[in-house]
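Below: the structure, in structure tokens.
The values are calculated or read from the model by the stated rules, or taken from the named source; none is laboratory data. Source: prediction; values computed, not measured. Neighbour counts are summed over all protein chains in view; Cβ atoms, including those assigned to glycine, are modelled from backbone coordinates with ideal geometry.
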Amino acid sequence: MAKQYSFKSFDMAVDDFGELNKLIRNEMSMIRKVAADVCEVFEGDEARQPLDELKGCMKSAIEQENDNKKYVEVAKALSRKVAANPEALHGSLRQELVSAYEAAKGRQENPEIHAEFKDLLKITSAADRGASSFQDSCDGMTISEDLVDGHWIDPITQKNIEVPVKNMKCGHIYDKNSISHYIKITNRPRCPCLGCGNKSLLRMEDLVDDLFLARVLKDRSEKND
């Protein structure tokens with residue numbers, strides 16, 4: 001009789017890593033917010049050291065998020081493999097998981113090509129130019145289809161975004177109220193942005209508050225008042 005394996009611990013770990021990555025996404029948003037504050041207060045050499053430290057923090061966060069994603073991918077693949085054919089397992093589940101995970105970690109992408117790091121560079125470029133306000137760099141930011149004529153547009157209502165939330169899977173940004181309503185009333189909801197390659201089902205758990213964009217929108221609103 002083939003040996004039976006329990007994947008309860010795998011499933012619990014996958015859920016835990018999912019929750020951890022939500023926290024990491026919030027951390028990335030906070031890093032961008034702090035960078036914007038630094039650029040607003042300091043210029044040139046005064047800003048360089050704290051901004052370099054923030055870049056290091058962002059790289060670490062990206063690497064940790066990628067590591068977590070690799071663990072989830074490996075754990076799910078191993079679960080499917082052993083469930084389909086228990087005899088395919090060589091050694092213990094733990095040994096197989098560790099081996100596959102270490103191999104996957106060795107194929108990580110450079111964090112500097114990650115969208116979050118590139119967004120951070122767009123913010124810190126203001127200090128490199130000696131700009132007195134981070135708004136100069138924000139004006140040059142383009143977040144996919146969400147930015148139209150200097151305004152962030154919700155893909156559902158086609159109105160200005162008031163409370164921005166970001167999809168952790170594809171990076172698209174929506175208004176919190178409209179996307180919440182869309183998820184509630186839509187059967188099998190997916191990212192509503194036209195042409196988005198993210199075909200996975202959209203859940204509220206996939207969304208995080210975009211604190212940086214919220215700061216940009218607030219500053220623009222105050223300037224217009």
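Just a few scattered comments:
- The number of residues in segment 173-225 that are of a type in the set (Asp, Glu), modelled with pLDDT of 90 or more and loosely packed, with under 15 Cβ neighbours inside 10 Å comes to 0.
- Qualifying residue in segment 159-172 (condition: loosely packed, with under 13 Cβ neighbours inside 10 Å and farther than 23 Å from ALA214 by Cα): no
- GLY56 fulfils the conditions (1) modelled with pLDDT under 85; (2) within 30 Å of ASP219 (Cα to Cα); (3) of a type in the set (Gly, Ala, Ser) except for a single criterion, (1).
- Residue in segment 125-146 that is modelled with pLDDT of 80 or more, out of contact with any His (no Cβ under 9 Å at 6 or more places or on another chain) and among the polar types (S, T, N, Q) present: no
- Residues in segment 87-96 that are part of a helix (DSSP H, G or I) and surrounded by fewer than 13 Cβ atoms within 10 Å (Cβ to Cβ): GLU87, ALA88, ARG94, GLN95.
This table checks each residue for (1) over 24 Å from PRO164 (Cβ atoms); (2) at pLDDT 85 or above; (3) in a loop (DSSP other than H, G, I, E, B).
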residue	(1), (2), (3)
MET12	yes, no, no
LEU20	no, yes, no
ASP67	yes, yes, no
VAL72	yes, yes, no
VAL82	yes, no, no
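- ASN167 at pLDDT below 90, farther than 22 Å from VAL216 by Cα and outside the structural domain of HIS114 (by TED's automatic domain parsing): no
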